[in-house]
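Please read the structure below before turning to the comments.
The values are calculated or read from the model by the stated rules, or taken from the named source; none is laboratory data. Computed from a predicted model, the values in this text were never measured in an experiment. Cβ atoms come from the backbone with ideal geometry, glycine included; neighbour counts cover every protein chain shown. We work out accessible area using only protein heavy atoms, side chains counted, and drop any ligands, DNA or RNA first. Shrake-Rupley method; radii C 1.70, N 1.55, O 1.52, S 1.80 Å.
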Amino acid sequence: MIHFGWTVLGSVVLGLAFWTLFEYAMHRFLFHWETNIPPARWLVYLMHGNHHESPNDPLRGLMPFSVSLPVGGLIWLACVATMGPMGTWPFLGFMMGYVMYDSLHFACHQWPMRGPVGLMFKRHHMRHHHINEHANYAISALFWDRVFATRIVSLKQEETKE
């Protein structure tokens, strides 16, 4: 029984860790995908472009259910298809990451976030919106921008790039 508990906990943590990389990759490669294919362009706008158009609109900061529910269902099916019934546990960690990401992203746009940790997240994300939308893709796991060299290092440096 104790072994099962550690396996479940490890699976949830694995799902949470996978979420952080998924979040970064989706934001960088899908949400900012520039395409000439009209249906794809419409989908990118629905998922994220409308948020960049009006970043502080509280109704544009969350993924629409018409996108998030089918994507979540496919990810759960993939987890169960690859791991059997145990796949539900990493999916739980993944969804916990998604809820934390959505809450943090909403807070970055709607709350003052004056404490040192909150301010760190808010500054990082606001630089994505107001300095360079092709950098600072991470929301909840800022280290991915360091790992993939997409972190805005200097505000002066970024201003001269554009």
Practice problem: Please list 129-142, 76-89 highest first by mean number of surrounding beta-carbon atoms within 10 Å per residue. | Solution: 129-142, 76-89
Quiz prompt | Kirkwood Rh, angstrom, region 8-49 [1 / mean 1/r, Cα pairs] | solution = 11.6 Å
Self-check item: Estimated inter-spin distance, Phe4 and Leu21, nm [label 7 Å along Cα→Cβ]
Solution: 2.9 nm
Quiz prompt | the chain - percent of accessible surface contributed by carbon and sulfur, probe 1.4 Å | solution = 71 percent
Quiz item: Hey, can you rank 93-100, 110-117 by average C-beta count inside 10 Å, highest first?
Solution: 93-100, 110-117
Quiz item: Running Debye on region 51-119 with equal point scatterers at the Cα sites and no solvent, what base-10 log of I(q)/I(0) appears at q = 0.16, 0.17, 0.23, 0.28 Å⁻¹?
Solution: -0.68, -0.73, -0.98, -1.18
Practice problem: Sort Arg127, Arg41 by accessible area with a 1.4 Å probe, largest first. | Solution: Arg41, Arg127
Quiz item: Given the rule -39500 (n - 2.57) for each run of at least 4 DSSP H residues, summed and divided by the residues of the chain, what is its mean residue ellipticity at 222 nm, to the nearest 500 deg cm²/dmol?
Solution: -20500 deg cm²/dmol
Exercise. Find how many whole Å separate the alpha carbon centroid of region 98-116 from the alpha carbon centroid of region 22-36.
Key: 21 Å
Quiz item: Counting only heavy atoms of protein chains, what accessible area per residue, in Å², does the chain have with a probe of 1.4 Å?
Solution: 61 Å²
Self-check item: Rounded tilt (10° steps) of 65-83 against the dominant C-alpha axis of the chain
Solution: 40 degrees
Quiz item: Using a simple charge model, +1 on the beta-carbon of Lys and Arg, -1 on the beta-carbon of Asp and Glu, nothing else, what dipole does the chain show about its Cα centre, in debye to the nearest 20?
Solution: 300 debye
Exercise. Please give, to one decimal in nm, the separation of the simple spin-label points placed at Leu69 and Phe148, each 7 Å out from Cα toward the Cβ.
Key: 2.9 nm
